[in-house]
Each structure stands twice: as structure tokens, then as C-alpha cells.
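Report on the structure given below.
Read-outs throughout are calculated quantities, based only on the coordinates presented, and are distinct from any laboratory measurement. Computed from a predicted model, the values in this text were never measured in an experiment. Heads up, the Cβs are rebuilt from the backbone with ideal geometry, glycines too, and the neighbour counts pull from every protein chain shown.
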Amino acid sequence: MAMERAKYVETPVQSCSKTRGLPGLPPLPTHSKEQSDLYKIVLRNSEHPPIMKGTSWTLAAPFKEERYHRTPSESIANNYTPSACDLKMKDLPKLQRQKTKLLKKKSPRKSPRSPTFNGTANGVNGTNGVNGHDVLPDIGTEIPPSRPFTPNEQLDIMRAFEDHEITETGEPSSRDEERYYYYIQKGVKRQMLAAPHPDTMKNIRSLVPPPLLSSTSLTPMVRDLTEEVQKDYEFSLRKTIVDYILKDPTEKERLHIAWTPKPFPHRVIRAPVPWHDSYRNMKDTNRIHLFITNPIMLKLQDIWFDEFNELRFVNLKELNEADLPLLPSEFESLVKKQCWEAHEVLRKSWIPNCAKLFVEHNELWEDLVPPDDDDNTELVEEFFACVAGLMSIQLRGMVINSLADFLKFFATHKEGNDFEEPFDELKYLETSMMIIKLKIEEPKIIFDPAFKEIRDIILRCFSEIVASGDGLTRVECELFPDMRSKKLLLRTVKIEESLVVEYVDKAMDIFKNNTVGPQKYLNTYKKYANLLNNEAEQEVAAFLREDHSIEAYKQKIIAFNKLREEIALLRITVPLSMFCLDCVALNDDLCGRAERLKDKLVTRQIDDNRDMNRALCEKYDKMADKVNETPKTTQELVEIQEYLKTSQEVTVYKLKDDIEDAKDRLMFLLDYAIYPTEDQKLNTHVFHWPDHIKNVFEIAQKIILSKRDSIEDELREQGCQV
């Protein structure tokens with residue numbers, strides 16, 4: 001029957017190379033025509049003896065059990081415990097269980113934080129021992145710890161053990177390696193291997209993002225990786241079976257494998273200090289005094305991260321949405337407002353919510369509160385100190401994050417505003433933070449406010465952020481009203497801490513980089529320095545002290561007009577990264593100065609024109625009065641007649657030239673001045689005199705002729721009488 005089974009056992013595949021040094025069968029005699037079945041079976045197993053049984057009651061049974069008559073239980077026991085290979089189930093004595101009466105003993109309740117234990121702890125009860133072993137009596141004197149090995153000494157010991165093992169096992173040979181991997185690959189049938197757990201591949205796939213698994217382009221790769229996992233699992237299982245069987249020296253000898261691969265040695269170096277006692281002491285200390293593992297600490301963290309983690313003393317979103325740029329004082333007020341609002345949220349919401357948490361979960365900490373007033377309160381004080389420490393860390397984190405965000409707000413201008421002439425306003429497109437006004441403080445242009453004041457404002461903003469974390473009471477002040485008078489406060493960031501100093505220094509560096517551009521932009525106003533230092537006013541005063549033609553006045557006034565128009569065309573706002581210069585007041589002041597100088601020239605012309613026109617009218621009036629006089633004597637008549645003739649032939653033409661000059665002055669002044677009513681009347685009177693004087697002359701001529709006729713008549717009468 002055994003021969004029949006052996007015929008149908010699957011024949012192992014022959015090895016890839018011929019194994020040398022192994023016993024083999026002699027060749028068949030030449031007179032033998034056919035190989036017997038037994039010869040074929042032995043020949044098949046001569047080079048690679050089987051490692052597993054071909055047929056067995058169990059799924060996988062080692063071949064070494066073939067020569068023994070053992071039950072499956074005995075065979076399994078032999079495989080798991082080689083030292084019990086000679087034991088038989090029938091030879092084992094049967095144990096009789098004695099009925100014993102169970103004694104119930106109530107153990108005293110122990111405090112979960114008690115640092116001491118009695119003598120019956122851990123199963124120790126007098127001399128009965130632990131797990132069947134006697135307990136050594138306590139030694140009064142403590143044994144001193146052994147001297148620890150240095151890392152090099154530990155490595156030398158481990159290498160010595162490894163070298164000793166190599167000496168005993170010997171060096172590996174190619175034959176051993178070939179036979180070892182042959183039995184792994186072909187000595188164990190696939191049906192003998194346990195199938196992987198159904199959830200194994202499911203768990204592996206759960207670690208891969210679903211989009212990668214569902215991607216059509218990655219389907220071949222997923223399939224290849226799945227096959228690779230299955231092959232690795234099968235190889236690991238085969239290797240484990242072979243390694244376990246080869247632990248039996250007789251099997252190693254039968255299979256002609258003297259050496260098996262050894263795993264890479266694990267070398268663990270112990271620190272060269274006796275730490276066990278200190279470790280136990282610290283463990284006991286942490287067990288009693290460490291409260292960070294209390295569940296209520298996690299709930300405090302949940303409150304913070306769910307509701308207040310994004311809260312900041314300075315809200316960058318609101319700052320960016322504000323009507324930037326702002327005046328430095330307005331910017332400071334905005335920062336202070338945000339800091340105060342965030343402080344109030346913490347005071348009115350965060351602290352009460354934490355206190356409410358302690359009330360709702362009082363079972364997590366009420367055992368720490370002593371029942372009597374005279375009892376020691378050290379544990380509960382340490383517990384709330386831990387709570388205060390955790391909340392202080394959260395508060396510090398908020399302050400530090402606020403400082404970092406505020407610095408980030410400045411960091412958008414870290415490149416500075418130094419520019420190359422001429423100024424290109426498209427270079428600085430980001431929104432500026434603050435407005436700096438330019439104004440004149442003779443004889444120079446100054447910034448309002450000055451850079452020193454702006455620097456102080458920025459420093460005050462950082463100080464306000466840090467100070468906003470102060471004044472928040474600890475949670476026990478909410479729980480126990482009697483403790484509110486103690487002013488127990490949460491610890492927060494101090495202004496002198498190195499981290500705050502670092503943030504402030506970085507902000508100051510950014511501020512300094514942005515003070516170059518405004519100073520450089522003042523070069524634009526250098527050409528108007530004569531308006532600032534009163535040189536232009538002195539030049540106008542000197543010009544007015546001299547006599548000049550209307551054309552000279554005209555050129556001077558036109559020059560001041562062009563200067564005013566040029567200043568008026570200058571930029572009224574100059575974006576320079578962090579700062580925006582407001583030049584409206586400065587440009588208006590310079591335009592006003594140029595306008596006033598021009599007005600001085602125009603006013604002088606108006607005054608001169610008024611005086612000349614009055615003098616001209618006076619001449620016309622004097623001439624009209626003279627010619628309108630009634631002569632009483634012949635001599636007066638001759639004089640008036642001569643004066644009239646001179647006025648008509650000479651004086652009128654001279655005054656006409658003066659009228660032309662007045663006309664030129666009027667045309668000039670109409671372009672640059674607004675005449676008052678008196679001057680308008682005076683100008684009208686001047687230009688009416690040429691026509692009016694003709695009428696005066698006609699009337700005077702009639703008067704002279706009438707007077708001459710009357711005089712002639714008188715003379716005739718006198719002649720007739722004589």
C-alpha cells in the first residue's frame with residue numbers, strides 16, 4: 001500500500017545544478033532492462049530528500065515524522081517542543097484534580113496614587129512566593145550597582161558572541177545555500193501554506209489613497225504590486241517553515257545543510273549610567289504629580305483648538321480690509337482696538353468656558369480636593385498649576401502667533417523703497433500702511449509725523465500685542481470666588497523675551513529700509529529751495545526797488561506762473577511701499593508762495609498804474625480847468641489862447657501817448673489781476689478824457705472867441721469916444 005502511494009506522490013523538480021558530495025545510488029546493472037518502482041522512488045529523492053510528508057492527516061507535516069508511529073497530537077507536540085519527542089500520550093500520568101474550597105478574601109482598597117505597596121502585592125503572601133518560586137528575604141543594605149560598560153566594551157562583547165557563533169556554525173558554502181533555497185522554493189507545496197487573512201490585503205489597500213487605486217493608468221502597477229505582496233507572503237511562509245524544521249540537527253544532517261542564513265545582528269547599546277533607580281523614582285513621581293495625562297487636559301485642548309485657535313490680537317484680514325493707508329495715529333488706534341476686542345473675547349468667553357468644563361466634569365478632579373480644610377492641598381494646587389501651565393502655553397501661543405502675523409504684515413514691505421531716479425510710481429503697487437504728510441518748516445521740508453514718532457508708534461503696537469495677554473485670571477478664580485482676591489493670573493509673553501526682541505528687531509529693520517525712499521523723494525523739491533529759504537522773496541523785493549518795464553514785469557510774472565503750475569502738477573500722493581507721502585499741503589504751500597510773489601509784482605503794477613492814471617487825469621483836469629477860465633483882461637485872453645493852442649497842438653498828443661501806455665498796462669494787468677471798482681472807474685475816466693477834452697477845447701474856443709469879440713467891441717467903443 002505504501003508503495004502504491006509513493007508512486008502517485010508528486011515527483012520533486014530536479015535542482016538546477018548537480019549537487020556534489022551527496023550519497024547516490026549505484027548505476028543499474030547492464031543486464032537490467034527496466035527500473036523498478038522502488039528504484040525510481042529512491043532515485044528521485046537521492047539528490048534532494050523530501051522535507052515535508054507527501055500525505056498526512058494534517059495540512060503540513062515534516063518528513064521526519066515518517067519513521068515514527070505517532071498520533072497527530074504527538075507529532076504536533078514534537079514539532080512545537082523537540083525536547084518532548086520521546087513522550088507518548090499513553091505513558092503520561094493522569095492528573096487528578098482535587099476539589100478545593102475557594103476562600104474569598106476582601107483586599108483593602110488602595111489609593112490609585114499611593115506610592116507604597118504592602119507585602120502581599122503582586123501575588124506575594126508571606127513565603128508562598130511569586131508564581132511558585134520562593135521570594136528572597138529583604139536585604140537590609142542596598143547592593144551597590146555594578147559598574148556599567150562603556151559603548152565600546154558592549155560592542156566588543158557583542159562582536160565576541162557573534163564571532164563565537166560563526167566559529168560554531170562555520171562559514172557558509174555554495175552547496176548549503178543552494179540546497180537551502182531549493183527547499184524554500186520547491187520543498188514545501190503551495191497547498192501546505194496557510195492562506196493570508198482576508199483583511200490583510202484590504203488593510204494594505206486602505207493605506208493607499210483611493211485615487212491611485214482607481215486610476216486606469218496605474219492599474220498594471222497595482223496588479224503587479226498585489227502579486228508581489230502575495231509572493232513575498234508565500235516566500236516568508238516557506239522560509240519560516242524551512243528554518244523551523246532545520247532547527248533539528250538530525251534534519252540538517254539528513255538534508256545535508258550544515259549552514260543556514262543568520263539574520264543581521266541587532267546591536268543595542270545601553271547608556272553607560274545606572275538609570276534604573278532614578279527611572280523608578282521619576283516614574284513614581286510622575287504617577288503622583290503629573291496631571292498632563294488627565295482627560296480634562298485634552299478637553300481644554302479641544303476647547304482651544306475648536307473655538308479660539310484662530311483668534312489673534314491683530315487680525316490681518318481686518319487690517320488689509322481697512323481703508324489703508326492710514327495716518328500713524330489712526331493705525332495705532334486700530335491695532336489697540338483689535339487687541340482690546342481679542343482680550344475681551346478671552347476674558348468673557350474662553351475663561352468661562354474652561355470653568356464650565358471643570359464644573360461639568362468634576363469627577364475627573366474632585367478626588368484631589370481634600371475633604372477637610374486642614375488637610376494638605378498640595379495635589380489640587382499642583383493640578384490647577386498644571387491647568388494654568390497648559391492655558392498659559394495656549395495664551396503664549398496666541399501672543400506669539402499674533403506677533404508673527406503682525407511681522408508678516410510688515411514683511412510685505414521688507415524690500416524697502418529705495419528707488420532710482422526718476423521716480424516710477426508703478427514700482428510700488430502694494431498698498432501702503434501709513435500716511436506721512438510733508439510740510440514746510442523753514443527753511444526745509446519735514447515729515448509729519450517724524451520717523452522717530454512712527455518708530456515709537458510701531459514699538460507701541462508690538463507692546464500692545466504683548467500687553468493684551470496680561471490680566472487674564474486663572475480658571476480656579478472662576479471656580480472658587482474666594483480666590484479672586486489673590487489675583488492669580490495666567491503667564492504670558494514678556495516684552496523683554498528674546499523672541500519678542502527678535503520680532504521687534506526684524507520689524508525695525510523693515511522700517512529702516514522704508515525710510516530711504518521718502519528722504520530720497522525730497523530731492524524732487526530741491527529746485528524750489530528759493531521758495532523755502534526766502535531767496536525768491538528777497539529777489540522780488542530787490543526787483544521792486546528798481547524801475548523796470550512792463551515787459552520785465554511780464555516775464556517775471558510769467559516765470560512765477562509757470563513755477564506755480566509746475567508745482568501744482570507734482571504728485572499729491574507718493575506710494576513708497578510701507579509709507580505713502582501726502583504732498584497736498586506742501587504743494588499748496590509752495591504754490592501759495594509762488595502765487596504771493598507773483599501777486600506782489602501784480603500789485604505793484606496795479607499801484608503804479610493807479611498812480612499814473614491819477615496823474616494823467618490830474619493833467620487833463622488841470623488843462624481843462626485852465627482852458628475853461630474866463631479871461632478878464634486882454635493879456636489873460638492872449639495867455640489862455642496861447643495855452644489852448646499849445647494844449648491842442650502839443651499837450652494833447654503827449655497825453656495821448658500816455659493813454660496808450662495806460663492801455664498797454666491795462667491789457668497786461670487784465671491777464672493777471674482783478675481790478676477793484678475804484679480802479680475800474682479810474683481806468684474808464686482815463687480812457688474817456690481824449691474825447692472829453694475835445695469838447696472842453698471847443699467850449700474853451702467859443703469862450704475865447706466870445707471874449708475876444710466883447711473886448712474888440714469895447715475897444716471900438718472907446719475909439720469912437722476919443
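Computed values, structure above
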{"item": "Most to least packed among 480-486, 351-357 [average Cβ atoms within 10 Å]", "result": "351-357, 480-486"}
{"item": "A258 versus E660: modelled label distance in nm, points set 7 Å from Cα along the beta carbon direction", "result": "14.3 nm"}
{"item": "Residue-span extension gain [L298 to S236] - 0.36 nm each, minus C-alpha spacing", "result": "18.1 nm"}
{"item": "Pairwise label distance in nanometres, T250 with L212, each label 7 Å out on the Cα-Cβ vector", "result": "5.1 nm"}
{"item": "Zone of E421's modelled label, taken as backbone nitrogen in the stretch 502-546 under 19 Å from a point 7 Å along Cα→Cβ", "result": "516-532"}
{"item": "Exposure proxy ranking, count of Cβ atoms within 10 Å, fewest first, for F235, F291, F419", "result": "F235, F419, F291"}
{"item": "Placed amide H near L326: partners under 5 Å, 5+ positions off or other chain", "result": "M434, I435"}
{"item": "Difference of contour (0.36 nm per residue) and Cα-Cα distance, K283 to E539", "result": "82.9 nm"}
{"item": "L489 long-range amide H proximity, modeled H, under 5 Å", "result": "R474"}
{"item": "Charged-residue dipole, Cβ positions (Lys, Arg, Asp, Glu), the stretch 151-254 about Cα centre, Debye nearest 20", "result": "900 debye"}
{"item": "Peptides ranked, highest mean first, by Cβ atoms within 10 Å: ranges 631-642, 465-476, 308-319", "result": "465-476, 308-319, 631-642"}
{"item": "Two-site FRET efficiency, T633 against E698, from Cβ-Cβ distance with R₀ of 25 Å, rounded to 0.05", "result": "0.60"}
{"item": "Coil-residue GluC sites (Glu not before Pro) of the stretch 488-541, DSSP, other Cβ within 10 Å capped at 15", "result": "E496, E497"}
{"item": "Ranked packing of 654-666, 583-595, most packed first, by mean Cβ within 10 Å", "result": "583-595, 654-666"}
{"item": "Within straight-line cross-link reach of K645, lysines at Cα separation under 24 Å, skipping those fewer than 8 residues along the same chain", "result": "K619, K622, K626, K632, K654, K656, K694, K702, K707"}
{"item": "Under 5 Å, built H, 5+ apart or other chain: amide partners of T573", "result": "C583"}
{"item": "At R0 = 22 Å, FRET efficiency that the Cβ-Cβ distance of K622 and S549 yields, to 0.05", "result": "0.20"}
{"item": "Order of M667, M158 under a 10 Å beta carbon neighbour criterion, fewest first", "result": "M667, M158"}
{"item": "Shape box of the stretch 599-722 [Cα atoms, principal axes, largest first, Å]", "result": "75, 24, 18"}
{"item": "Which of W304, W259 has the fewest Cβ neighbours within 10 Å, and the rest in rising order", "result": "W259, W304"}
{"item": "Greater than 30 Å apart at Cα, pairs in K452/K486; K53/K90; K554/K681; K94/K189; K64/K262; K94/K239", "result": "K452/K486; K94/K189; K94/K239"}
{"item": "Computed label-point distance, nm, for sites S333 and K562 using a 7 Å Cα→Cβ extension", "result": "4.5 nm"}
{"item": "Full-extension gain in nm, E360 to S73, via 0.36 nm per residue minus C-alpha separation", "result": "97.4 nm"}
{"item": "Within straight-line cross-link reach of K427, lysines at Cα separation under 16 Å, skipping those fewer than 8 residues along the same chain", "result": "K414, K520"}
{"item": "Model label zone, A60; criterion: amide N under 18 Å from point 7 Å along Cα-to-beta-carbon; scope the stretch 214-251", "result": "229-248, 251"}
